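Note sheet for the following structure.
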Amino acid sequence: MKKSILLWLLVTFWFAVALPAEASFCRNLNNHEICIISIKRSAKNYWEYRVVISVDGEKKPLEVYDCRSRVKIQADGQAVFFESNGAGNFICSYFSR
């Protein structure tokens, strides 16, 4: 009887504890692995995303992707147009669904 209760408590505890998830969405583009580490949609401008990505395992600083103007605003404030078949098109095409 004690063994079954102990086993039941052990199984219940095992399924009750949720480990934190470290999921990222990755895609291979132009021979580079681009992973979205974190993404937040702007509440004011629904076409803007604040994104942290990694390219080939190297984490990039937070950038703002403007899917309406097809421009990314880098951490230093410089605006750069999306590259063809790059991370900007990937982010905007995936999350616009």
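With a ≥ b ≥ c taken as the square roots of the eigenvalues of the C-alpha gyration tensor of region 41-97, please select rounded if a/c is under 1.5 and otherwise prolate if a/b is larger than b/c or oblate if it is not? The partial results should precede the final answer.
Numbers: a/c = 1.41, a/b = 1.22, b/c = 1.15.
It is rounded, given that a/c, with a ≥ b ≥ c, falls under 1.5.
Give the lysines reachable from K72 as a straight Cα distance under 21 Å; neighbours fewer than 8 places away on the same chain don't count.
K40, K44, K59, K60
Can you give the extra length, in nm with one decimal, that the chain gains between R68 and I5 once fully stretched, where that is 0.36 nm per residue apart less the Cα-Cα distance?
Gain on extension, R68 to I5, equals 16.8 nm.
Could you give the length gained on full extension between Q78 and K44, defined as 0.36 nm per residue of separation minus the Cα-Cα distance, in nm? Intermediate values should be presented prior to the final figure.
Values: separation 34, 0.36 × 34 = 12.24 nm, distance 2.09 nm.
Between Q78 and K44, full extension yields an extra 10.1 nm.
A short reminder: the numbers here are calculations on the coordinates, not readings from a lab. All figures in this text were calculated on a predicted structure; none of them were measured in a lab.
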